[in-house]
1. Using only the Cα atoms of the protein assembly as shown, build the gyration tensor, take square roots of its eigenvalues as a ≥ b ≥ c, and label the shape rounded, prolate or oblate: rounded if a/c is under 1.5, else prolate if a/b is larger than b/c, else oblate.
2. List the GluC sites (Glu not before Pro) in the stretch A:241-325 that DSSP assigns to loop (not H, G, I, E or B) and whose Cβ has at most 16 other Cβ atoms within 10 Å. Which are they?
3. Can you compute log10 of I(q)/I(0) for chain B with the Debye formula, treating each Cα as one identical point scatterer, at q = 0.28, 0.29 Å⁻¹?
4. For A:ARG83 and A:SER179 in the same chain, what is the full-extension length gain: residue separation times 0.36 nm, less their Cα-Cα distance, in nm?
5. Can you tell me how the stretch A:264-396 classifies by the Cα gyration tensor, rounded, prolate or oblate, using a/c under 1.5 as the rounded cut?
6. What value in Å³ per residue do you get for the convex hull of the alpha-carbon atoms in the stretch A:123-225?
7. Considering only A:VAL251, A:LEU125, A:GLN387, whose Cα is most displaced toward the positive end of the charge dipole of the protein assembly as shown, charges sitting on Cβ of Lys, Arg (+1) and Asp, Glu (-1)?
8. Return the inverse of the average 1/r over all pairs of distinct C-alpha atoms in the stretch A:6-131, which is the Kirkwood hydrodynamic radius, in Å to one decimal.
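Values in this text are rule-based calculations from the coordinates and carry no lab data. This is a predicted model, so every value here is computed, not measured. Virtual Cβ from ideal backbone geometry, glycine too; neighbours counted across all protein chains shown.
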Amino acid sequence: MQDVVAVGGGLAGFRFAQGLREAGYDGRVTIVSDEKHLPYDRPPLSKQLLAGTYTEEQCALPGDAPDVTWVMGRRAERLDRERRVVVLDDGAEVAYDGLLIATGRRARTWNGPMPASGVHTLRDLEDTAAFRSAIDADAKVVIVGAGFIGCEVAATLRKEGVSVTVVDVAAYPMPVMGSEVGARAAAIHEAQGVRFRLGRGVAGFEGEERVTGVRLEDGELLEATVVLVAVGSVPNSEWFEDAGLSMDRSVVVCDATCTVIDASGQPVPEIVAAGDIAAWPHHHGDGAAVCIEHWSNARDMADLAAVNLLLPISDRSPMAATASVPTFWSDQYDVKIKSAGFLRAADSWTIVAEDPEKPSLLVEGHRNGELVGAIAFNMNRSIIGYQRQLAAPAPS
Amino acid sequence: MKITVDTDLCEVHGDCVVAAPDIFDIGEDDDVVQILNAEPGEEYRKAIVQAVKMCPVAAIRIEG
């Protein structure tokens, strides 16, 4: 293998390039990225960068990726597997004998008429700078979407005293963590002055040149000078949709070694995938391929994909047990939220420990009585125990 | 080998504790990770290298 190409210049593409060099690969590495910046870390965007405690430079990913040929500001348009080339948006072709699919996702945008300005999304450095510059001390911010980004941004802005209202059709914030955690998270935000409109949909935006308000489906009008639409993400998969690969909800399907599977169910030895553009079979997902949109999943898949791409199919190893436990974190006010396990699999939630004063919280998620995940607020040691426990093979 | 953690960077993610439990630990209320053994023997190198790689904020350094 002499020509490895990574399409996607985020965490996965960067770590993959580092991993190839660490594994002793000395051929060419090309990273194609539609960003203007070298790879950077996204978690600080809704927190430290938005708050102004980090500069853009401090968001750069640590370490070097030696000897990478960067193709920046270019989008992949098409994957030609027969000729083994990636066609870019300027018509240029990048040939590969090994390929990483790591184009990740983009913010889901509002699907309807919008004012000319004032409605934002937050996924990259430019988004964050534009959103930040729209906010002054008198800003009235409405956040559409009470997921992790919406809640983190609400926390960051409330620390500065900015007026924040969060709207969601869900009955509680961060619904993936269940109603018990959601209710407590809502209380924490409300104590900090966040107003919620939950269980309510958005009908549309008011204003022509600039947003002036958000109209809810029940008729209520929320005054707004700035709106953040934080309603999830969509995969950047258009460029390989016609390449005959196995797809699930617009992400590419791979096996547990990060090797991509084709439409006939066969592995494609020269193509691997990593991050939230890929799904892989998880033992808590009933063996079905699942797409895990966490930082740690991009890290673990990229590290493994780099090593495996250099090996024949028969020698490739599956994801290590500890790495296969999905984990994520979120910082909101002085609350460190951490999770271990495949929360979407849970059918019931149990509160194991709680101290509303601290505040701290420990909740287990079960499916058919079997532990599948846990969530902690300010219980950094306990969650590690769950990470270990969930990494152990399920009792049979 | 000498292990150091940049406490300005550490956000107590705990991935190092998962990777190298004999070297790192986190108390429930800690703001930064504890180093249990700052000068471990070579037999721990593999686990510590893994901890360095897993740390989301690249706070761990190995000297020597």
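1. Oblate, because a/c is 1.5 or more while a/b does not exceed b/c.
2. Loop-located and lightly packed - A:GLU241.
3. Treating every Cα as an identical point scatterer, log10 I(q)/I(0) equals -1.35, -1.45.
4. Extra length from A:ARG83 to A:SER179 when fully extended: 29.5 nm.
5. Prolate shape, in that a/c is at least 1.5 and a/b is the bigger ratio.
6. 101
7. Farthest towards the positive end: A:VAL251.
8. 16.2
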